[in-house]
Amino acid sequence: MNSHTSEQTPSWDSYNHLAYFVDDDLFIRKEELEYPISFLDEFLLFLTLDEELFGLHDYFGEEFLDVEQLTATVGRCKLLSLFAPTWDEENTDEQFAYCHEIRKLQLRYKGLMEFCLNQSLCPEELGHMSAYQRLNLYGSLPHGYVPQMLTSVLTLDATATDAFTGDDTAEQSPLERIFDIPAGLVAHVGQQKLQPAREFMLHSTSDILTLIFHELVLRDVKLKCCKHCHQYFVVKTKRNSDYCDRTAEGSTQTCQKLAAMEKFKAKKADNQAYQIFNLYYKRYHERKKVGTIKADVFDTWNRDACTRRDACIDGKEDMEAFEQWCHDSFPNRPKKK
C-alpha cells in the first residue's frame, strides 16, 4: 500500500496544535485556547471549496493569486484557517505553495471519500463493505493513497489528581507509603469516573485531514450525495434514500419532502384515476364554496372518492365505472354523453 511520508520529520516543538475527539466534535487546543469543530461538516466543506480558486495558480502562476478571494475562502473553513499563511502582497511564494498543497489535498481526500465512504459508488459491489474494507481495497489500486495515522499521546485527566485536597491528619496507606503518595490520593483517584483520551499532535492541514479521515473510517461513516441539493449527507438508516433531511434552499421543506412531493405530482400527472378524481374534486369543491353542496356531504364524497380512486389505481375497480360514479354523485348535472 502507498503511505504518506513527510519529506521532513517535524520536531516535537513544531506540533503547535493538539486535537482530540468528543462525540461529533473535534476539539483543537493551542496553548490556552480550545474550541470545537464539527469535523464531518468541516471535512465536507473543505472538499467542496472553490476548486478553481486553488487550482488556477497551478496553470497560470503566482500572478493570479487573488489575495482577497483567498482570504475569504480560507476564512470560511476552520480546517484551512488553522495553518494558513499570512495573506499579504509580500508573502506570495508561501501563498502560492499553500494553494498548490491545498489543491493536492482536495484531490487526494476527495478520492478517498468517494471510494471509501460514498454509498452511491457501485452499491452492488461495494455496498456491503465497511469503510475500512473499502480503504484496504483502495490502497491496493495503482495510485491508491492511504494516509498513515498520526502520533498520539495518552493524556491524563486533570480531575483525577488536580482536584485532590490532602488531609494532613490522615494516615498513608501501605501503597501510599511505598510510593510516597499523599495520604488519601489512592482512594480519591479510585472514586473518579475516568475515561482514557488520546490527543493527536498536528502541525499541518494534511495532519488534520488525516486525523479526520481516519476517524470517519473507524466510525464506518456512510455518505451519499443528495440528488436535490447535491450536498453530501450521512446515511443514518438502512432505508435507501437519495435525499437529505436539510431544509432546501429557498424552501421551508426538506430535500426528502420536496422529492416525495415531486414524485407524487409525477405519479398523479401520469395516472388517469388521479386525473378523473382531480377533475370532479375541483368541480364539486366549487359547488361547496357557493353553498349548493353542503360541506359535510362534500367531505363524505371526498373520502369515498379517494377510496375508489386508490382501488382503481390498484386495479380493483374499473376506470370507466369510477368515472361514471364521480359523474353521478350529485344531481342537476347534464347527462354524460
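Rule-based calculations on the coordinates, nothing more; no lab input. Here the structure is a predicted model, which is why all the values come from computation and not from measurement. Glycine gets a Cβ as well: all are built from the backbone with ideal geometry, and neighbour counts include every protein chain shown.
Below, the figures for the structure above:
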quantity: Computed helical MRE - 222 nm, the chain, DSSP H runs ≥ 4 contributing -39500 (n - 2.57), nearest 500; calculated: -14500 deg cm²/dmol
quantity: Equivalent-ellipsoid semi-axes of the range 150-300, from the Cα gyration tensor, Å, largest first; calculated: 68, 25, 12
quantity: Highest-first arrangement of 98-110, 147-159, where packing means the average Cβ count within 10 Å; calculated: 98-110, 147-159
quantity: Rotationally averaged projected area of the range 182-224 (alpha carbon convex hull; nm²); calculated: 5.6
quantity: Rounded D (µm²/s) - the range 271-328, Kirkwood Rh over Cα pairs, Stokes-Einstein at 25 °C, 0.890 mPa s; calculated: 213
quantity: Simple spin-label estimate for D328 and H128 in nanometres, 7 Å along Cα-Cβ; calculated: 5.6
quantity: Max mean-square fluctuation residue, GNM over the chain, Cα-Cα springs under 10 Å, options P123, P142, P174; calculated: P174
quantity: Cα-based Rg / Dmax (Å) for the range 77-225; calculated: 23.8, 71
quantity: Amide H contacts under 5 Å for N118, placed H, 5+ residues apart; calculated: L223
quantity: Sparsely packed GluC sites (Glu not before Pro) within the range 113-173, loop by DSSP, other Cβ within 10 Å at most 11; calculated: E171
